[in-house]
Amino acid sequence: MAGSRRALLTGSVVVLLVTVAVVAVVTVQGAGTGHRPVAAASTTPTPRPVDVSGGDTSTSLPPPAPSNALGAPAPEPSSVHVSDAGGPAVEPWWRRVPPVAGTLTAPDGSGIGKVTVLASDDGSPTASDTPTASDTLTVTIVGDPSLPAAATRAVLTGAGGAEEDLGAVSPDMRGVGFVLGATDADHLPDPVRALELRDPAGRVVAAAVLLPV
């Protein structure tokens, strides 16, 4: 029994010595080759800056702003027409707004007719040009079925109490038209807001608010 234990102990010692020898050989070989541990290269790409507008800042640049000879931003071309007096020219109401129209309404709110205002001109850029036969403003008033019996005058009105008396109307008329030449049309309220039919005492018996059509 003692011999078996001695043989087992002897075998264990032999195995241990062999293992130590193998480790020593491997260590010496590694040192002889001069190799050192190398860190593994990262496979994660380096992030690139991205423009929030959707382009890559490394390849996308904003276009240069237009400039004048001194480097300042170039001014936008002006589209404002300048009059001979040096200020902006504004055409009169009858040239820049019509056609306009509105429902002729009685004091109780019921519709009793129609008013239309049409302008015809020769294409002149300002009202200061010489008027021609085609420079006219036509105001047409049509009753349904006829104009109010009390109506005697037709008046165009504007802001601040401005007004222009167009002329007489008659209760037996179903409709009436007034044609103004350029000189008379230039004197209309600016802007014209409404047309009123008035009785002999100046009371409004019907009116139409005029809006662009």
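Looking across region 163-172 at every residue that is among the aliphatic types (A, V, I, L, M) and surrounded by 15 or more Cβ atoms within 10 Å (Cβ to Cβ), the one that is nearest to the chain's Cα centre (by Cα) is identified as L166. Considered as a group, the residues in region 173-213 that are in a strand (DSSP E or B) and basic (K, R) include one that is least open to solvent (accessible area, probe 1.4 Å), and that residue is R198.
Condition check ((1) under 39 Å from the mean Cα position of the chain (by Cα); (2) open to solvent by less than 30 Å² (accessible area, probe 1.4 Å); (3) at pLDDT 95 or above; (4) not hydroxyl-bearing (S, T, Y)) across all residues:
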residue	(1), (2), (3), (4)
P98	yes, yes, yes, yes
T103	yes, no, yes, no
S120	yes, no, no, no
A127	yes, yes, no, yes
G160	yes, no, no, yes
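The values are calculated or read from the model by the stated rules, or taken from the named source; none is laboratory data. All values reported here derive from a predicted model rather than from experimental measurement. Backbone-built Cβ (ideal geometry, glycine too); neighbour counts: all protein chains shown. Side chains are part of the model used for accessible areas, which takes the heavy atoms of the whole protein and leaves out ligands, DNA and RNA. Shrake-Rupley method; radii C 1.70, N 1.55, O 1.52, S 1.80 Å.
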